[in-house]
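J.: Before we start, here is the structure in question, set down as structure tokens.
The values are calculated or read from the model by the stated rules, or taken from the named source; none is laboratory data. What you see is a predicted model; the values in this text were computed from it and never measured. Cβ sites come from the backbone with ideal geometry, for glycine too, and all protein chains shown count toward neighbours. SASA here: full protein model, heavy atoms, side chains in, ligands and nucleic acids out. Shrake-Rupley method; radii C 1.70, N 1.55, O 1.52, S 1.80 Å.
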Amino acid sequence: MDARDPLRSFRQRFFIPKTKSDSEPVYFCGHSLGLQPKSAQSYLEQELRDWAELGVEGHFHARNPWLPYHRLLADQTAELVGAKSGEVVVMNSLTVNLHLMMISFYEPTASRHKILIESGAFPSDQYAVKSQIRFHGFDPASSLIEIGPREKESCVRDEDLESLIERDGDSIALIMIGGVNYATGQLFDMPRIAEAGRRKGCVVGFDLAHAAGNIPLHLHEWGPDFAVWCSYKYLNGGPGCVAGCFVHERHSKEWALPRFAGWWGHDEKVRFQMKPEFKPMPGAEGWQLSNPPILAMAPLRASMEVFAEAGIERLREKSISLTGYLEFLLQREKSNRFSIVTPQEKHRRGAQLSIRIPEYGRALCKKLTAEGVFGDWREPDTFRVAPVPLYNSYQDVYRFVQSFCAAVR
Ligand SMILES: Cc1ncc(COP(=O)(O)O)c(C=O)c1O
């Protein structure tokens, strides 16, 4: 399978971390922190050099002038998430962007004040939505709906989510779902959610932390109002890398939307006139606050170049096969010591499989890490692993399962 893999050469474009024993590790942690593209260093060095040689003039005369630098990323990112370029901006970090979006798009009223999330949403999202509810004078006990799986099931059924929106939609102000749930690896039916929300007049937002760079997205066509994601997982932008934000074109000139403003969101043609009245740029750029962190963006540019070359559709094709192979090998074990909680249907998952190990999972995760086999542990009982099509191989999958099964027996 590796010999036939048209994407196999992309592995050479990344640094694979070293293990203590110097053996080649199995790195299945791209859902947490993606690996470093070898070209990242030269992108970063270019900016350091321009800073050293040009100082403040780098804003205008750097090889890639810093003033419009974020646009170099916006266009490639828009392509990757299926958006028009004005709909995407790269800025801040994920949770900050989520708050900025909710300040603009969560406008609760006495009759429509609820936020719908999936139960077991990432804690930062839970804190963010609860704090927004309180900020508007409501109580999460009555304004937050969390949809969970049916009894004895691990993942939410898309039809249950749709029925809930159909039934309670009139009281829901915002539907905020993680496109791929961080714990179970479930990929939600985003077009269906967006459509159901639109029918009932709800605002729809997605947290795409685990979806961006993992599955093909068509945000413009699917039509959520907004989406946010981070760039350090499948996008390989580096630890804490600057995040992404999508605002659908239909809001691009809604000047009356409430927003927390900053000077980088101000109309760039008159930004440096330093006038006191805020006049937002059209599109997602109008939500920018600060001048962008060039040194954090440079490695992300390196990674986006690699994505553009590999192509997200080809990556998805390999990903389905790679994760399917992992599932096949694990199931062949017929072990009652672990079970896979991620949906089996390929259209309901991305690269990640979440393996529930009720008894001694944390110790097992530690043991595997010491052997150079990297997944990660999420309380209370989940071992998350993701073979990433850009840099993982079928042989990695085989080696992972050998080590995992030896440790679990
Ligand atoms: C689904 C999800 N949402 C939000 C976050 C928080 O991201 P940040 O720390 O970049 O705000 C994470 C981080 O892993 C995440 O996985």
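J.: Taking helices (runs of 4 or more DSSP H) that fall entirely within segment 1-84, which contain at least 3 residues that are within 22 Å of the chain's Cα centre (by Cα)?
T.: On the way: elements: 40-54, 58-61, 69-81.
By residue number, 69-81.
J.: Now for a different question. Return the total of residues in segment 228-251 being within 16 Å of the ligand (Cβ to nearest atom) and over 18 Å from N97 (Cβ atoms).
T.: Step one: of segment 228-251, the residues within 16 Å of the ligand (Cβ to nearest atom) are 228-246.
Next, from what is left, pick out any that are over 18 Å from N97 (Cβ atoms): 236.
Here the count works out to 1.
J.: Against the condition touching a residue at least 40 places away in the same chain (Cβ under 8 Å), more than 16 Å from the ligand (Cβ to nearest atom) and either closer than 24 Å to A196 by Cβ or touching a Gly at 6+ places or on another chain (Cβ under 7 Å) (or both), how does E254 come out, does it pass? Outline the logic, then answer.
T.: Details: touching a residue at least 40 places away in the same chain (Cβ under 8 Å): no; more than 16 Å from the ligand (Cβ to nearest atom): yes; either closer than 24 Å to A196 by Cβ or touching a Gly at 6+ places or on another chain (Cβ under 7 Å) (or both): yes.
It is false that E254 is touching a residue at least 40 places away in the same chain (Cβ under 8 Å), more than 16 Å from the ligand (Cβ to nearest atom) and either closer than 24 Å to A196 by Cβ or touching a Gly at 6+ places or on another chain (Cβ under 7 Å) (or both).
J.: Identify the single condition in (1) within 16 Å of the ligand (Cβ to nearest atom); (2) surrounded by fewer than 18 Cβ atoms within 10 Å (Cβ to Cβ); (3) not β-branched (V, I, T) that P17 does not satisfy, given that it satisfies every other one.
T.: (1)
J.: Going residue by residue through segment 257-278, is there one that turns out to be open to solvent by 20 Å² or more (accessible area, probe 1.4 Å), more than 16 Å from the ligand (Cβ to nearest atom) and in contact with a Gly (Cβ under 7 Å, 6 or more places away or on another chain)?
T.: Scanning segment 257-278 turns up no residue that is open to solvent by 20 Å² or more (accessible area, probe 1.4 Å), more than 16 Å from the ligand (Cβ to nearest atom) and in contact with a Gly (Cβ under 7 Å, 6 or more places away or on another chain).
J.: Can you say whether R301 is in contact (Cβ under 8 Å) with a residue 60 or more places away in the chain, open to solvent by less than 60 Å² (accessible area, probe 1.4 Å) and among the basic types (K, R), as far as the supplied structure shows? Give the steps one after another, and end with the answer.
T.: Working: in contact (Cβ under 8 Å) with a residue 60 or more places away in the chain: yes; open to solvent by less than 60 Å² (accessible area, probe 1.4 Å): yes; among the basic types (K, R): yes.
Yes: the conditions hold for R301.
J.: Would segment 325-334 turn up any residue that is at pLDDT below 95, open to solvent by 20 Å² or more (accessible area, probe 1.4 Å) and outside any helix (DSSP H, G or I)?
T.: Going residue by residue through segment 325-334, those that are at pLDDT below 95 are 333-334.
Within this subset, residues satisfying the condition of being open to solvent by 20 Å² or more (accessible area, probe 1.4 Å) are 333-334.
Then keep just the ones that are outside any helix (DSSP H, G or I); that gives 333-334.
Yes, because at least one residue in segment 325-334 is at pLDDT below 95, open to solvent by 20 Å² or more (accessible area, probe 1.4 Å) and outside any helix (DSSP H, G or I).
J.: Still on this structure, please answer the following. Identify the single condition in (1) farther than 30 Å from G169 by Cα; (2) open to solvent by 70 Å² or more (accessible area, probe 1.4 Å); (3) of a type in the set (A, V, I, L, M) that A110 does not satisfy, given that it satisfies every other one.
T.: The failed condition is (1).
J.: Please find, within segment 20-72, the residue that is most open to solvent (accessible area, probe 1.4 Å) out of those that are of a type in the set (G, A, S) and over 18 Å from A296 (Cα atoms).
T.: Let us first name the residues in segment 20-72 that are of a type in the set (G, A, S), namely 21, 23, 30, 32, 34, 39-40, 42, 52, 55, 58, 62.
Restricting the remaining residues to those that are over 18 Å from A296 (Cα atoms) gives 21, 23, 30.
Numbers: S21: 89, S23: 50, G30: 0 Å².
So, considering only residues that are of a type in the set (G, A, S) and over 18 Å from A296 (Cα atoms), the one most open to solvent (accessible area, probe 1.4 Å) is S21.
J.: Mind listing whichever residues of segment 133-142 are out of contact with any Pro (no Cβ under 7 Å at 6 or more places or on another chain) and within 20 Å of D168 (Cα to Cα)?
T.: Once the filter is applied, which keeps residues that are out of contact with any Pro (no Cβ under 7 Å at 6 or more places or on another chain) and within 20 Å of D168 (Cα to Cα), segment 133-142 yields D139, P140, A141, S142.
J.: Restricting attention to segment 130-160, which residues are part of a helix (DSSP H, G or I) and closer than 22 Å to L353 by Cβ?
T.: The initial filter retains those residues of segment 130-160 that are part of a helix (DSSP H, G or I), namely 130-135, 140-143, 158-160.
Within segment 130-160, D158 is the sole residue that qualifies.
J.: Are there any strands (runs of 3 or more DSSP E) wholly within segment 352-392 with 2 or more residues that are open to solvent by 20 Å² or more (accessible area, probe 1.4 Å), and if so which? Break it down stepwise before answering.
T.: Details: elements: 353-356, 376-378, 382-385.
Fully inside segment 352-392 and qualifying: 376-378.
J.: State which residue pairs qualify: first residue closer than 24 Å to H266 by Cα and inside segment 50-68, second residue small (G, A, S) in any location, beta carbons under 6 Å apart, and separation of 6 or more residues or different chains.
T.: Close Cβ pairs (under 6 Å, with a partner that is small (G, A, S)) amount to W66/G58.
J.: Something else about it: I need every pair where a residue in segment 137-158 that is more than 17 Å from P123 (Cα to Cα) has its Cβ under 8 Å from the Cβ of a residue that is part of a loop (DSSP other than H, G, I, E, B) and of a type in the set (A, V, I, L, M), sequence separation at least 6 or different chains.
T.: Listed pairs, sorted by first residue: P149/V156; S154/V341; C155/V341.
J.: So which residues in segment 223-232 are of a type outside the set (G, A, S) and touching a strand residue (DSSP E or B) at 6+ places or on another chain (Cβ under 9 Å)?
T.: As a first pass, look at segment 223-232 and keep what is of a type outside the set (G, A, S): 224-226, 228-230, 232.
Scanning segment 223-232 gives P224, D225, F226, V228, W229, C230.
J.: Identify all residues within segment 152-190 that are within 16 Å of the ligand (Cβ to nearest atom) and among the basic types (K, R); write none if there are none.
T.: Matches in segment 152-190: none.
J.: Confirm whether D225 is more than 16 Å from the ligand (Cβ to nearest atom) and out of contact with any Phe, Trp or Tyr (no Cβ under 9 Å at 6 or more places or on another chain).
T.: On the way: more than 16 Å from the ligand (Cβ to nearest atom): yes; out of contact with any Phe, Trp or Tyr (no Cβ under 9 Å at 6 or more places or on another chain): no.
So D225 does not fit the description; no.
Residues checked against (1) open to solvent by less than 10 Å² (accessible area, probe 1.4 Å); (2) of a type outside the set (A, V, I, L, M); (3) at negative phi:
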{"site": "S131", "(1), (2), (3)": "no, yes, yes"}
{"site": "I145", "(1), (2), (3)": "no, no, yes"}
{"site": "P149", "(1), (2), (3)": "no, yes, yes"}
{"site": "E159", "(1), (2), (3)": "no, yes, yes"}
{"site": "I177", "(1), (2), (3)": "yes, no, yes"}
{"site": "Y182", "(1), (2), (3)": "no, yes, yes"}
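J.: I'd like the full set of residues that are part of a helix (DSSP H, G or I) and either within 15 Å of the ligand (Cβ to nearest atom) or open to solvent by 10 Å² or more (accessible area, probe 1.4 Å) (or both), limited to segment 86-104.
T.: G86, L94, T95, V96, N97, L98, H99, L100, M101, M102, I103
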